[in-house]
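Taking it in order: structure first as structure tokens, then the write-up.
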Amino acid sequence: MRITVDDINGVFAIMPTPAVVDAENPSLADTIDHLETRRAVEALVQDGVNAILTNGTFGEGASLLFEEVRTFAETVVAASDDRVPIFVGATSLNTRESIARARVLSDVGVAGILLGRPMWSPCDDDDLVRYYNAVADAVPDLSIIAYDNPEAFKGKISPIAYSRLAEIPQVVAAKYTGLSGGFLADLEAVNGKMRLLPVERDWYYAWKWAPEDVVACWSGSASCGPNAIIQLSRKIKDGDDLGAKTISRELASASRTFFPKGSFALFSQYNIQLEKIRINEAGYMKAGPCRPPYISCPNDYAEGARQSGRLLADLHRRYASQLPND
């Protein structure tokens, strides 16, 4: 049965695509570390995440061969064993390719796809909505999480486009970046028909605005160890304002050095590299090296990512003792 908007709750963890040690070699045809993929999925499921997303930006959807995407998705789906829904990226530079990818992923058994719009040239509202409609029509059994990243996709999704996307039954949520770019207007536009997912460190503040609607978050930090985010989810579910606010501040503090000079735009130039550096430093999973061409990174930016990874690992260890065994 297809995932619906009512099923979108809790922590949607975003994981990397673990890479073998020589994945930087552009002649290598298969860079997937399948053993580490199985281990990482099992760790996330056991630690209590509600869904797993991958093959977006730091999942390196842009630098994987599609055969790698397929075999990686097979490994993730098998490792999850229907315990949590799996969403795999199907973003491409054109509608036909995204449909082809989505059909293969449907055959593999994913619950849904993480789908950004083509970005070679910006899509206006009509083309954006037409794109999502076409993919939804082609794979009616898959749910879709729209990917709204203004840096990656040359602008954000407008409230008008959101209102139209919310009318597509398969579009159940959007991976949302930041709260200062019109979150409340977009929330009003979707009118409860799809979920807007803030990043975990913004979740508390978005939840305070709209507690009935903001019931889930996305989290790349979960790949550094999800215990603090799982505890945040429990605090929000229980209506524990002070507890949720405290954890949110700790998560924000742990991410402060992650954004070079405090700039999301500057971070976006090295998004893949910085995310993988942070995850490898935290040690919860082995993301491995980056795939070409996204390999270089200024040393001071990298050190900021490593510091963030260490702080998130500390939070993961500290909150392990505060989570009940269920």
Residues located in region 200-215, provided they are surrounded by fewer than 21 Cβ atoms within 10 Å (Cβ to Cβ) and free of Cβ contacts under 8 Å to residues at least 60 places away in the same chain: Tyr205, Lys208, Trp209, Ala210, Pro211, Glu212, Asp213
Strands (runs of 3 or more DSSP E) (entirely within region 1-110) containing at least 3 residues that are in contact with a Leu (Cβ under 7 Å, 6 or more places away or on another chain): 10-14, 86-89
Meets criteria (hydroxyl-bearing (Ser, Thr, Tyr), in contact with a Pro (Cβ under 9 Å, 6 or more places away or on another chain) and not in a loop (DSSP other than H, G, I, E, B)) for Tyr131: yes
Candidate set from region 216-243 (those that are in contact with a strand residue (DSSP E or B) (Cβ under 7 Å, 6 or more places away or on another chain) and either β-branched (Val, Ile, Thr) or modelled with pLDDT under 95 (or both)); member that is surrounded by the fewest Cβ atoms within 10 Å (Cβ to Cβ): Ile230
Residue satisfying all of: in region 213-244; assigned to a helix (DSSP H, G or I), charged (D, E, K, R) and closer than 20 Å to Leu187 by Cβ; nearest to the chain's Cα centre (by Cα) among these: Lys237
Residue in region 161-176 that is closer than 30 Å to Glu42 by Cβ, crowded, with 18+ Cβ neighbours inside 10 Å, over 17 Å from the mean Cα position of the chain (by Cα) and not basic (Lys, Arg) present: yes
Enumeration of residues in region 133-178 that are charged (D, E, K, R) and either more than 27 Å from Arg201 (Cα to Cα) or touching a strand residue (DSSP E or B) at 6+ places or on another chain (Cβ under 7 Å) (or both): Asp137, Asp141, Asp148, Lys156, Arg164, Glu167, Lys175
Leading residue by the ranking (nearest to Thr54 (Cα to Cα)) among those in region 135-166 that are among the charged types (D, E, K, R) and part of a helix (DSSP H, G or I): Asp137
Among (1) among the basic types (Lys, Arg); (2) modelled with pLDDT under 95; (3) buried (at least 19 other Cβ atoms within 10 Å of the Cβ), the one test that Lys261 misses: (3)
Ile247, sole failed condition from (1) of a type in the set (A, V, I, L, M); (2) under 29 Å from Thr31 (Cα atoms); (3) modelled with pLDDT of 95 or more: (2)
Matching residues, region 78-95, being under 15 Å from Ser106 (Cβ atoms) and either in contact with a helix residue (DSSP H, G or I) (Cβ under 6 Å, 6 or more places away or on another chain) or free of Cβ contacts under 8 Å to residues at least 12 places away in the same chain (or both): Ile86, Val88, Ala90
Among residues of region 20-58, those that are crowded, with 24+ Cβ neighbours inside 10 Å, farther than 27 Å from Gln170 by Cβ and touching a strand residue (DSSP E or B) at 6+ places or on another chain (Cβ under 7 Å), counted: 1
Ala13 vs. criteria among the small types (Gly, Ala, Ser), touching a Ser or Thr at 6+ places or on another chain (Cβ under 6 Å) and in contact (Cβ under 8 Å) with a residue 60 or more places away in the chain: yes
Within region 152-184, considering residues that are hydroxyl-bearing (Ser, Thr, Tyr) and at pLDDT 95 or above, the one nearest to Thr57 (Cα to Cα): Tyr176
Among residues of region 278-326, those that are modelled with pLDDT of 95 or more and assigned to a loop (DSSP other than H, G, I, E, B), counted: 16
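The values are calculated or read from the model by the stated rules, or taken from the named source; none is laboratory data. Bear in mind the structure is a predicted one, so any value in this text is a computation, not a measurement. Cβ atoms come from the backbone with ideal geometry, glycine included; neighbour counts cover every protein chain shown.
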